[in-house]
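Nothing in this text is a laboratory measurement; each read-out follows from the coordinates by a stated rule. What you see is a predicted model, and the numbers here were worked out from it, not measured in a lab. Note that each Cβ is placed from the backbone with ideal geometry, even for glycine, and that neighbours are counted across all protein chains shown.
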Amino acid sequence: MIEVDSVVEGTVVGITKFGAFVELEEGKKGLVHISEISNQFVKDVNDFLKLNDKVRVKVMKITPDGKIDLSMKRVNEDEEYLEKLARSKTNLEQKMSKFMKQSQEKLTDLKRHREQRRRR
């Protein structure tokens, strides 16, 4: 089922000066507007897409009359965001691990110091 914000695969079935038509599952078609093809400036859609190309698109909008607006560039933006999020999570985990190790070392030193004071 095609839903807004989902990323799906499709086949380019038509190219116009304003974008490309992509056939999705169940034979439904959507439009990737020229402004949603790439983050680069797109003067001619044919420089980026050819008929029968398999593409991944993000479903941006489905109008009440059934028109489907698609984006290719948002697929990449979402993937880049998820990669960045994963990297920041990894960095946070590394920092937490380092903090825990340092805290444990400080506690061990503090206990050792207390034991030495008791023995005196």
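Laid out as a table, the results:
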{"quantity": "Given (1) farther than 15 Å from residue 14 by Cβ; (2) exposed (fewer than 11 other Cβ atoms within 10 Å of the Cβ); (3) of a type outside the set (Val, Ile, Thr), number of the condition residue 27 does not satisfy", "calculated": "(1)"}
{"quantity": "Boolean, residue 42 is over 20 Å from residue 2 (Cβ atoms) and either touching a residue at least 24 places away in the same chain (Cβ under 8 Å) or not in a helix (DSSP H, G or I) (or both)", "calculated": "yes"}
{"quantity": "Among (1) under 14 Å from residue 67 (Cα atoms); (2) assigned to a loop (DSSP other than H, G, I, E, B) - the single one residue 31 does not satisfy", "calculated": "(2)"}
{"quantity": "Failed item, numbered, when residue 13 is tested on (1) under 27 Å from residue 82 (Cβ atoms); (2) surrounded by 12 or more Cβ atoms within 10 Å (Cβ to Cβ); (3) not hydroxyl-bearing (Ser, Thr, Tyr)", "calculated": "(1)"}
{"quantity": "Members of the stretch 70-120 found to be part of a helix (DSSP H, G or I), polar (S, T, N, Q) and either surrounded by 10 or more Cβ atoms within 10 Å (Cβ to Cβ) or within 19 Å of the chain's Cα centre (by Cα) (or both), listed by number", "calculated": "76, 88, 90, 91, 94, 97, 102, 103, 104, 108"}
{"quantity": "Subset of the stretch 1-10 (residues that are crowded, with 16+ Cβ neighbours inside 10 Å and either among the hydrophobic types (A, V, I, L, M, F, W, C) or in a helix (DSSP H, G or I) (or both))", "calculated": "8"}
